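Quick notes on the structure that follows.
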Amino acid sequence: MTRVNTVLGTISAHELGFVAIHEHIGYGMPGSELDSRWWKTPEERYDETVPKLRQFHENAKPWGAATFVDATGICNGRDVDYYKSLSAKTEVHIVASTGFVGGDTALPFFERASVEYLTDQFVHEIDVGIGTSGAKAGIIKVGVSRGFKMKELDKRIYRAAARASKVTGAPIFTHLAVDCEPALAIFAEEGLPCHRVLFGHADDGVSQGRINEQAILAAGGRIGFDTFGYDLELPDPPFWGRPRQERLDHLLRYLQGGLVDQVLVSADANCSPLGWPGVKGHTVNYLFEQLIPDLHGAGIDDATIDRIFAQLAAEFLTLQPISAQ
């Protein structure tokens, strides 16, 4: 059976339905939960999050189910017991991640950890569970530290992620696709095929001109168009925003150029941001409310949309071990 880890158990990949491959239940920097300016009660977080997930479930009904891949990772607000409750309340499948958004978000305990220790951490969270929750991670998060360059800790995390991916079969997604050459070298050294890696945020506004898309494609990697909705047309756009049509045209070049199978798409929205205000009105449901109509308007058919959001996403999330530990 094709298997995918969700917070409520391991299911068949055929049960995933529509997949939002890079989203957040609630993302914040380490320590943000202690800042009284942004502190939220559990009730406030539920009130912000449940309606968005219920709408996501409703929008995904034509696909039979809805799957939300949480890209938060360790140290950035991951709360798996909370995810389990949300999944049970809304019927949305939630896939939790192990790993780190970037080396510069890892607390000192992990900053000092060896590749072997980090590998064991990731493997344990995928094969055994996260803490005492009983829930298993289904994907590994890695990232590039601020400054658009991989630091030594980033490289250790990437190497540990590659080893854990081979053992467990869990895929990897990255925060940013910039400075991809060291990552591609690490994956090659570790023998991890790059179709198991989604190089994320290749479409955001600040990364343009810093991404070697051809190197990623040549290695067989997947390109993440996963910041849809962060448009410069917003009243108060984020610094990583981009003109809506420009981002759409970027994706269309792939879809119309025979590269559909190397693309995955999402919105990177926060249901209830931690330690920052978030972007008003931006939710995972942008995919249905704006992006899919825009794709239809550009002549992209339903079969292609289904391939991106259901078939390719399910294939990517399927646990595919490559070697024994």
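The values are calculated or read from the model by the stated rules, or taken from the named source; none is laboratory data. Every value quoted in this text rests on a predicted model; they were computed, and no experiment measured them. Glycine gets a Cβ as well: all are built from the backbone with ideal geometry, and neighbour counts include every protein chain shown.
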Report summary line: Taking first residues from region 248-269 that are at positive phi and second residues anywhere that are assigned to a loop (DSSP other than H, G, I, E, B) and at pLDDT 95 or above, the pairs with Cβ under 6 Å that are 6 or more apart or on different chains are ASP268/ASP226; ASP268/THR227
Report task. With respect to HIS201, determine if the residue is over 30 Å from THR41 (Cα atoms) and in contact with a His (Cβ under 9 Å, 6 or more places away or on another chain). Result -> yes
Report summary line: Considering residues that are closer than 15 Å to TYR286 by Cα and of a type in the set (S, T, N, Q), the number found within region 233-259 is 1
Report task. For region 127-145, indicate whether the set of residues that are part of a helix (DSSP H, G or I), in contact (Cβ under 8 Å) with a residue 12 or more places away in the chain and surrounded by 17 or more Cβ atoms within 10 Å (Cβ to Cβ) is non-empty. Result -> yes
Report summary line: Here the residues within region 157-192 that are touching a residue at least 40 places away in the same chain (Cβ under 8 Å), surrounded by fewer than 24 Cβ atoms within 10 Å (Cβ to Cβ) and part of a helix (DSSP H, G or I) are ARG159, ARG163, LYS166, VAL167
Requested in this report: Return only the number of the condition from (1) in contact with a helix residue (DSSP H, G or I) (Cβ under 9 Å, 6 or more places away or on another chain); (2) modelled with pLDDT of 95 or more; (3) surrounded by fewer than 23 Cβ atoms within 10 Å (Cβ to Cβ) that ALA60 does not satisfy.
Outcome: (3)
Query - Residues being of a type in the set (D, E, K, R) and either outside any loop (DSSP other than H, G, I, E, B) or surrounded by fewer than 23 Cβ atoms within 10 Å (Cβ to Cβ) (or both) - total across region 266-278 - result: 0
Report summary line: GLY281: passes all of (1) surrounded by 14 or more Cβ atoms within 10 Å (Cβ to Cβ); (2) modelled with pLDDT under 95; (3) small (Gly, Ala, Ser) but (1)
